[in-house]
Structure formats: structure tokens, C-alpha cells
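Note sheet for the following structure.
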Amino acid sequence: MREIACDVAVIGAGTAGIAAHAAARKAGAHAVLIEAGPGGTTCARVGCMPSKLLIAAATAAHGARAAGLFGLDVPEVRVNGRAVLDRLRRERDRFVASVRDGLDDLPDDERLSGRARFEDGQTLRVGDGARVRFRAAVVATGSSPSVPKPLQGLGERVLTTDTLFEIADLPRSLAILGGGPVGIEIAQAMARLGVETCLFDVGDSLAGLTHPDLVAAGNAIFASEIGLHLGCAVEASEIDGDGVRLTWKAKDGTRREQRFARVLAAAGRPPNVADLGLDAADLRLGEKGLPHFDPRTLLCEGGPVLIAGDANAERPILHEAARQGRIAGENAAELAAGRSLAAPEPWVSLAMVFTQPQVAVVGAPFDPDAASRRVTGAVSFCDQGRARIEGEDRGGARIWADRGGRLLGGEFLGPAVEHLSHLLALAVQEGLSAAALRDRPYYHPTLEEGLETALGDIVRQLRA
């Protein structure tokens, strides 16, 4: 068996793992990157990039159908599902290849292929052919989609984000379980591409929205394009010819059923930690098998092991995974050298959903019990100038600040909020007040004027 000794062993070659390996090397450590496959980050391979390619095709189709608003006559829009998915895969493969370019240049003594498992607190077994002894290790094994129990046993009729983008053609109909960011993005895109689509969720809101005004607006907007079943649970499924028949309990207590060509499980991606042998590393584990760890240093309790990215389930978003990877890699190198660890302040929380209208959630969450301690500013995009010009006049935003005026966070449902939310995230991170952010240039006519309107609402309330 091949024996390898290193300063830092990084398990996983996704966003966090690649960043951790690079950071450890930069810090002067001998680092080994262990990859079990398949190659490429979750984002490039099965996540944000292929889903945005599907959304782009759907947006083009929807825009053509809606061209009459602007006095344009588009007589017919025909969707070629095979062509849509062929382009998606071509572009997806380009993104994956670009991620892997740097990995192929690593020397042989810094890269291993195989599934890693801890033998003890300083040793990993990689497949059947290698043993790696380390001074510090980084767990960056990512996550995998889960299939709810009612859908198990349906074989290839059940899709996940790992298999959805491999289908040859668009299905005639699709049921989606899960109304989070992935579920609602795929649901709207499929519906706009001509797929009869229904979405099921046990909760009462979509896309991570929590403010009651925006929840109600979002539910109404998305229900106009897809069959929306909120507050209900799918209880059973069975194979029905070449499709699937689902049975669910509706919010009013009645039981219903419907046949679909395919089902997409989009109810979450649990961390890939079950088969790592973390108990053998003497780490303190929680009920779900995740190690207890310091969210700033990323060091696990019980051993010289750090955990980063989707594997720790803290903030499973690409920019957070990349940052955590860098922190974990640097701290692993410091740990291996016997030096103190860095504990940087966390970034402000920033999450987005690329539906139309878009959704963004920034900073401190909505708290219905915090009315006495907060001031909330509001804006509607239904009558906002630029939104009406573009024919995207739906939704709104709610932004909150403390009683001293310091911005805390907010939620957006509207056009181009991927940009507006960045401005708010920067202001929250820098500790700006609503008055300070409002006292900046806002060009006319832009959607950014909507942000200025909400900030002005906060300022007026504070002055009153």
C-alpha cells in the first residue's frame, strides 16, 4: 500500500476543497487533495450554472410570448426540448472543464483519487491503495440530494439535481417536491418551457421569503404559472405506466392524486459525511453525524480537522464555500505548523433565487416580534418607474434597521434584485445607516431608485 505523509489533507475537490488546497499551499504547507469524483464543483456540474442555463432558455421563451406588451407580434414560440438540454450540457461541460483546469496541473504527490475514510485522528485510508498521514485535515466533501421516503422505489422516474440535467428531452409533466430556491427556479423554468408543472411543499412560502407581504405576493405570482400546492405533504407514490402517480394530503385535509411523467426531489442536499469515519477521528459529533465546529475558525471539536463548504451545512452557497475553503486551508496550515488560528468575522448573509421576479434575502432575518426594536421600509415595484418600463412591475422589498437607523437586512421580490441586494449587503457589512446609504447618487430612471424609496421610508419613520 502506498504511504503518504503531508501537512494538510483536503478531502473533496469542489469549491471549498479546491480553495482550501490552494490556501494551504500558499501558506507553505505540503497539501494533498483527495477527490472521490465525479469531478467539478456542485455549482458548475449540477447546481447554479446548469440551472441558470435552463432559466435563460425559459426566460427567452417567456419574453417572446410576452412581446405583445411592447407592440411586437411573435406569432408562435416552439420549444425544442432536446436542443435546450443539449446547449445546457455543452455550456455546463465548459464550466466544469474550466474548474478542473488547475487540478490537472497538480503534481502526483499532491493529488489522490479515491474515497477517503478516517482510520484515526491523523490517518486517512484512500480507497484500497493509499494511506495518508496528516498533521491537519480539511473535510470539504460537499452535499448530495436526498430523495424523500414517499418517492423511493420509483427508479429513474424520480429525478434529482444530480440527474435532471442528463435527461434527453423535457418531460410532458413534472411534479417538484420542495419550494426552496432550487425547487421554485426549476418549476418556473419548466413551466415556461411548456412542461405542465406542479410544486409541492409542506410550508406556506416559497424561495426563502419570510416577510408576510412578500410571501403573499410571491405565492400569487408563482401560482399564476405553476400548479402550486403549499401546506401539503406527498404521502405516497406508485409507478403508473411510464410515469408516476402521486397521492398527497392537501391543506384542507382532503386527499388528492395526479399522474406525472417525472418527479423532481428538490427538498434539500444533506452533507456528505456519513461514510467518512469521523467517529474514528475522535471528533465530537451531533445527532445527524455532523461534527461540532467553531463557525469562525472552522476547527472541529476533538481533533486537528476543519470542515468547510456544504459539508458543514452552515451556509451552503458558493461564495461562502469558497471563503470557508480559504479560511480552512490557511488554518489547517497554521495548525500543522503549531501556530494560532485566524477567526475572521463572518460575511453578512446573502442568498438569491433567480426566478422572475427574482428573490434575495440579506442579513438579519425578518422577526415578527421585533417591531418595537426595528423600523421597516417598504417599496412596491408594481408602480416603480423603471420596472413598469421593462414590463416587470411585480413584487416589492422590505428593509429593516434598528431604532438608531443602522441597517440590519431585508428581503426583495422584484426585477434585478440580484444587484439591489448587493448594495444592501455591502451597507449592512459596513455598518451603514439608512440615512447614509440613502445619501448616495441614484440615477434616474433605474431600479436602484426603488431601494432609495425604501430607505427614505425608514428615514421618515425615524424622524417622526
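The values are calculated or read from the model by the stated rules, or taken from the named source; none is laboratory data. This structure is a prediction, so every number in the text was calculated from the model and none was measured. Note that we place each Cβ from the backbone using ideal geometry, even for glycine, and neighbour counts take in every protein chain shown.
Give the residues of region 338-367 that are in contact (Cβ under 8 Å) with a residue 40 or more places away in the chain and farther than 30 Å from Ala189 by Cβ, sorted by residue number. Within region 338-367, Leu341, Ala342, Ala343, Pro344, Glu345, Pro346, Ala364 meet the criteria. Being modelled with pLDDT of 95 or more, surrounded by 18 or more Cβ atoms within 10 Å (Cβ to Cβ), within 26 Å of Ala57 (Cβ to Cβ) and out of contact with any His (no Cβ under 8 Å at 6 or more places or on another chain) holds for only one residue in Leu199, Leu246, Leu214, Leu193, and it is Leu193. Condition check: touching a Pro at 6+ places or on another chain (Cβ under 9 Å) and buried (at least 23 other Cβ atoms within 10 Å of the Cβ). Does Ala24 satisfy that? Taking the combined requirement at face value, the residue does not satisfy it. Under the condition of being among the hydroxyl-bearing types (Ser, Thr, Tyr) and within 10 Å of Leu451 (Cβ to Cβ), the residues counted in region 417-434 number 1.
Among residues of region 405-463 being more than 15 Å from Ala378 (Cα to Cα) and charged (D, E, K, R), the one that is nearest to the chain's Cα centre (by Cα) is Glu418.
Restricting region 348-369 to residues that are hydrophobic (A, V, I, L, M, F, W, C) and more than 16 Å from the chain's Cα centre (by Cα) leaves a set whose member that is nearest to Arg192 (Cα to Cα) is Phe366.
Among the listed residues Arg394, Arg440, Arg398, Arg388, which satisfies the condition of being free of Cβ contacts under 8 Å to residues at least 24 places away in the same chain, under 26 Å from Glu225 (Cα atoms) and surrounded by fewer than 23 Cβ atoms within 10 Å (Cβ to Cβ)? Arg388 is the lone residue from the list that is free of Cβ contacts under 8 Å to residues at least 24 places away in the same chain, under 26 Å from Glu225 (Cα atoms) and surrounded by fewer than 23 Cβ atoms within 10 Å (Cβ to Cβ).
The strands (runs of 3 or more DSSP E) falling completely within region 90-161 that include 1 or more residues that are within 18 Å of Asp275 (Cα to Cα) and free of Cβ contacts under 8 Å to residues at least 24 places away in the same chain map to 123-126. Here the strands (runs of 3 or more DSSP E) wholly within region 231-278 that include at least 1 residues being in contact (Cβ under 8 Å) with a residue 40 or more places away in the chain and under 30 Å from Val139 (Cβ atoms) are 262-265.
I need a count of the residues in region 218-230 that are surrounded by 14 or more Cβ atoms within 10 Å (Cβ to Cβ) and either not assigned by TED's automatic domain parsing to the domain that holds Ala191 or not in a strand (DSSP E or B) (or both). Within region 218-230, residues that are surrounded by 14 or more Cβ atoms within 10 Å (Cβ to Cβ) and either not assigned by TED's automatic domain parsing to the domain that holds Ala191 or not in a strand (DSSP E or B) (or both) number 7.
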